[in-house]
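**Q** Here you go, one structure.
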Amino acid sequence: MASLSKDSSGWRVRFYQDGVLKTLRLGNIPKKDAVTVANMVERLLTAKRLGIPLDSQTAGWLTRISDDLHDRLARAGLVEPRQRATLGDLLERFFAARLDVKPATRVTWENVRRDLLAYYGPTCKLADIDRDRAEAFRVYLVNRKLASATISRRLQTARQFFTWAVDNGLIDTNPFAKVTHTAGNPRERRRYVTLQETQRLIDAAPNWIWRTIIALCRFGGLRCPSEVLSLRWEDVDLPNGRMIVTSPKTEHHPGGGRRVVPIFVRLRPYLEEAWDHAEGHTHVIPENLYLKASRGPRGWVNCNLRTQFERIIRRAGLEPWPRLFHSLRASCETDLAAEYPIATVCRWIGNTVAIAAKHYVEPLDEHFQRAAGLAPLAAPHTPEIGCTDEKPNRENPVFAAFCAISPTSANTPMGDAGLEPATPSLSSWCSNQLS
């Protein structure tokens, strides 16, 4: 039997184990807590003597008590020493359990793992990382002069690691739960790329491949490199003016992997030019160029389109801007939002209205001028979205007529044949009609 008594040093539990009298000192704690400990010690002795498993209540109590009390029970021979997980253990187990994510996500996680291990060390016990030490990690990132957005994302990932530790019983609370950092104003990283600048980029492009990449981003609103390099010819239906865009980024969301996008008139000439060079390739951007690299351990990052695009930007007489390809895509959505309902535009671009407002659509001076009555109102179909005299360096005579017909007014009736002229020569190319 375990007995409970109190002396000048506080409460103590005395019990016999294997014929030896032992004492478990508890210190000055409330009597009800001392009684609880004494009762649990009695249960531990009974289970140990009879060789039976602990009841659920006692087992749960052992998982909730402090490391100090657990250590005292272990020294008294009542329980096995608690295995205290280290930061290295957590990160190793987390990465082993999350093999379902894309390579680019693992690259992001690796950056945070490297930072955590550099600051705390792999042998640091998770129980030793409290709220203050988590905040100190934030200060460590700030002192490294990282961008505010980078610091915010890395703290979110660290929070994700420790949430997983809580869910798997390694720690009781998440020390990073309330450690945040202001990500900064997304507008500071925005850059609207005008149509004139886009034409300069296209003129500076070294070949049709890069003209097509730029056009798909700026005039089609595709993500680059993932959506641009994933676009297949079987998903492009020029006669019906639509294409199916496969999005590796959002494919894990319900219904988010594929969307139908209009082939905007500004984009059409560049797809025609790409078709001239298709030569049996299955993808609009030949799959033997960049797509293989995306299968590497770093995913789409391996494609490294940024370096070449920076050269093109400088060749065009411009200075590189933040988020090179994203800015092209955001500029496309800005133009579309000025003419079409934003909900419709977001369906085409593949994001939400909230994300578009925060990270994509940029208020332009010309919009302000028109709203204030200082500039004439735009026509229902503006040149930014409609047909244009701007052409790529090469023309495909088979498709030359497509830009010749475009709606001039929202009230112009449309016949059953639609906007496209009859092109019998395309029937073999577009055998797979989209419903």
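What follows is calculated from the coordinates using simple rules that are stated; it is not laboratory data. Values in this document were obtained by computation on a predicted structure and should not be read as measured data. Glycine gets a Cβ as well: all are built from the backbone with ideal geometry, and neighbour counts include every protein chain shown.
**Q** Towards the positive end of the charge dipole of region 3-75, with charges on Cβ (+1 Lys, Arg; -1 Asp, Glu), say which of 73, 60, 9 has the farthest Cα.
**A** Most positive-ward Cα: 9.
**Q** Let me ask something else about it. Within the set of other residues whose C-beta is less than 15 Å from the C-beta of residue 35, count the net charge using Lys and Arg as +1 and Asp and Glu as -1.
**A** +4
**Q** Where Lys and Arg each count +1 and Asp and Glu each count -1, what net charge lies around residue 151 among other residues with Cβ under 12 Å from its Cβ?
**A** That works out to +4.
**Q** Counting other Cβ atoms within 10 Å, which trypsin sites (Lys or Arg not before Pro) in region 298-369 have at most 16 and lie in a DSSP loop?
**A** 298, 323
**Q** How long is the gain from residue 352 to residue 276 if the chain were fully straight, where each residue apart is worth 0.36 nm and the alpha carbon distance is subtracted?
**A** That works out to 23.9 nm of additional length.
**Q** Can I ask one more? With charges only on Cβ, +1 for K and R and -1 for D and E, what is the dipole size of region 3-75 about its Cα centre, in debye, rounded to 20?
**A** I would put it at about 200 debye.
**Q** In nm, what is the difference between 0.36 nm times the number of residues separating residue 114 and residue 128 and their Cα-Cα distance?
**A** The span from residue 114 to residue 128 would gain 3.2 nm if fully extended.
**Q** Kindly state, to the nearest 0.05, the FRET efficiency for residue 288 paired with residue 195, given R0 = 45 Å and r defined as their beta-carbon distance.
**A** Efficiency computed from Cβ-Cβ geometry: 0.90.
**Q** Report the full-extension gain for the segment residue 144 to residue 369: residue separation times 0.36 nm, less the Cα-Cα distance, to one decimal in nm.
**A** Gain on extension, residue 144 to residue 369, equals 76.8 nm.
**Q** Moving on. Are there GluC sites (Glu not before Pro) in region 160-261 that DSSP puts in a loop and that have at most 11 other Cβ atoms within 10 Å, and which ones?
**A** Answer by residue number: there is no such site.
**Q** Give me the distance between the Cα centres of region 192-216 and region 124-138, rounded to whole Å.
**A** 48 Å
**Q** Can you give me the distance in nm between label points at residue 35 and residue 22, each placed 7 Å from the Cα along the Cα-to-Cβ direction?
**A** Going from the residue 35 label point to the residue 22 one covers 2.5 nm.
**Q** Of 108, 307, 352, how do they rank once you tally other Cβ atoms within 10 Å and put the fewest first?
**A** In order of increasing Cβ crowding within 10 Å: 307, 352, 108.
**Q** Now, a different point. Taking R0 as 60 Å, what's the FRET efficiency between residue 242 and residue 62 from their Cβ-Cβ distance, rounded to 0.05?
**A** Plugging the Cβ-Cβ distance into 1/(1 + (r/R0)^6) gives 0.45.
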